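Here the structure is laid out as structure tokens; the discussion comes afterwards.
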Amino acid sequence: MRKKITVVGAGNVGATVAQRLFERGYADIVLVDIVEGLPQGKALDMLESGPVLGTDSTITGTNSYADTANSDVAVITAGIARKPGMSRDDLLFTNMDIVGGVAEQIAKYSPHCILIVVSNPLDAMAQQALDVTKFPRERVIGMAGILDTARFRTFLATEVNASVEDVQAYVLGGHGDTMVPLVQSTNVAGIPISNLLSKEVLDPIVQRARDGGAEIVGLLKTGSAFYAPSAAVAQMVDAIILDKKRILPCAAYLKGEYGIDGLYIGVPVKLGANGIEEVIEVELSEEERANLDKSAAAVTELLEAMNNRTDK
Ligand code: APR
């Protein structure tokens, strides 16, 4: 029997995630949304691409969580997206309610699933999903680091005129303005990036990666990025479904690792059939360490705003 994957939110990110996963052919997909007809229509359209693509998986659209029962993996993309001028943090209370409600339903029908959270502000929404589902931390993972790292790698590969595959980098920290690209360990086929690019060239690239999401929002005007985010989600799902034990930067709930306790933040983790199988602690420079603490403080601020919310 094929694995079962639920994607909640049939908007830009969710539908593209569903498409990428359906085309993998290793799982049956259920696409959920509150808007009637939207997930059904998109799922049927994708299903009808199966004969052309040679995919025998099924994809179903629904407004009912009963159809998601016994999923192996669930991806939450439900929520509102940024408009120009908005930060991810401006989405906090609206998406907190949406993600909370969705996570509750997912936990009810698929108590053993691995949950990937995509809705923003990412680290706070992962926390919300963990609190609501009461799943172990291994099974509630946030998608951010792969995307932030992919943006960084894209710009670096263009600058050094090398394959994106040969540019290795990590972006840690919260998924926001305080994200932390690890410049010291960034390399092109093993050659440190600092040997290839001067600080004057590198600094604006780091900043562009930090602002990568806002750059897309500014261009699109009516929504936020979804092609690169959905590719990042699919890479996480691959690692879980195929038990690849890939080491990828994801938002994980830390219990003392990196000196951070009780907080979601982007760090390298080993992803396999059990979800997060290990939090990998890499050595950080003093500056990177300080930036990670700053990033953790920004995430803490959001959590405090959620806890102190008065309109609950
Ligand atoms: N249950 C299910 N679906 C919901 C709910 C809910 N309670 N509330 C909203 N949705 C659906 C909307 O109907 C819409 O189809 O979520 C979808 C969101 O789609 P888009 O508006 O296209 O947003 P998208 O670009 O996909 O971003 C979704 O991911 O990257 C993050 O910041 C982004 O938080 C945003 C989320």
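Accessible area per residue was computed with a 1.4 Å probe on protein heavy atoms; Tyr227 scores about 150 Å². Among Leu47, Leu182, Leu242, the largest mean-square fluctuation in a Gaussian network model of the chain, built with springs joining Cα atoms closer than 10 Å, belongs to Leu242.
With a cut-off of 8 Å between alpha carbons and a minimum separation of six or more residues, what is the relative contact order of the chain in percent? Rounded, it is 16 percent for the chain.
With the gyration tensor restricted to C-alpha atoms of region 145-307, the semi-axes of the equivalent ellipsoid amount to 23, 19, 18 Å, longest first. Computed over region 3-142, the convex hull of the alpha-carbon atoms projects to a mean area of 8.0 nm².
Solvent-accessible surface of protein heavy atoms, probed at 1.4 angstrom with all chains present, puts Glu104, Glu277 in the order Glu104, Glu277, largest first. Rolling a 1.4 Å probe over the protein heavy atoms leaves Asp89 with an accessible area of roughly 80 Å². Neighbours of Val32 by Cβ distance under 14 Å: Lys/Arg scored +1, Asp/Glu scored -1, total -2. Placing +1 on the Cβ of every Lys and Arg and -1 on the Cβ of every Asp and Glu, with nothing else charged, gives region 1-74 a dipole about its Cα centre of roughly 240 debye. Near Ala298, once Lys and Arg are set to +1 and Asp and Glu to -1 for all other residues with Cβ below 9 Å from its Cβ, the sum equals -3.
Dipole size of the chain about its Cα centre, with +1 on Lys/Arg Cβ and -1 on Asp/Glu Cβ: approximately 480 debye, rounded to the nearest 20.
In the chain, the calculated helix contribution to ellipticity at 222 nm averages -13500 deg cm²/dmol per residue, counting -39,500 (n - 2.57) for every DSSP H run with n ≥ 4.
Annotation: per residue accessible area for the chain equals 45 Å², rounded to a whole number [probe 1.4 Å, protein chains only].
Surface calculation, 1.4 Å probe, protein heavy atoms: Phe93 sits at approximately 80 Å² accessible.
If one computes the Cα centroid of region 1-40 and of region 117-144, what distance in Å separates the two points? Value for the Cα centre distance between the two parts: 19 Å. The alpha carbons of the chain occupy a box of 53, 50, 39 Å along the principal axes, longest dimension given first. Within the listed set Ser64, Ser295, Ser224, the residue fluctuating most in the Gaussian network model of the chain (springs between alpha-carbon atoms under 10 angstrom) is Ser64. Of the residues Ile265, Ile191, Ile106, the one that moves most in a GNM of the chain with alpha-carbon contacts below 10 Å is Ile191. Taking every full run of DSSP H in the chain, the ones that stretch at least 24 Å from end to end by Cα along their long axis and average -1.0 or higher on the Kyte-Doolittle scale are 92-109, 286-307. About the centre of its Cα atoms, region 185-312 shows a dipole size close to 440 debye [charges on the beta carbon of Lys, Arg (+1) and Asp, Glu (-1) only; nearest 20 debye].
The values are calculated or read from the model by the stated rules, or taken from the named source; none is laboratory data. Just so it is clear, the structure is predicted and the values come from calculations on it, not from any experiment. Positions of Cβ are generated from backbone atoms using ideal geometry, with glycine treated the same way; all protein chains shown enter the neighbour counts. Side chains are part of the model used for accessible areas, which takes the heavy atoms of the whole protein and leaves out ligands, DNA and RNA. Shrake-Rupley method; radii C 1.70, N 1.55, O 1.52, S 1.80 Å.
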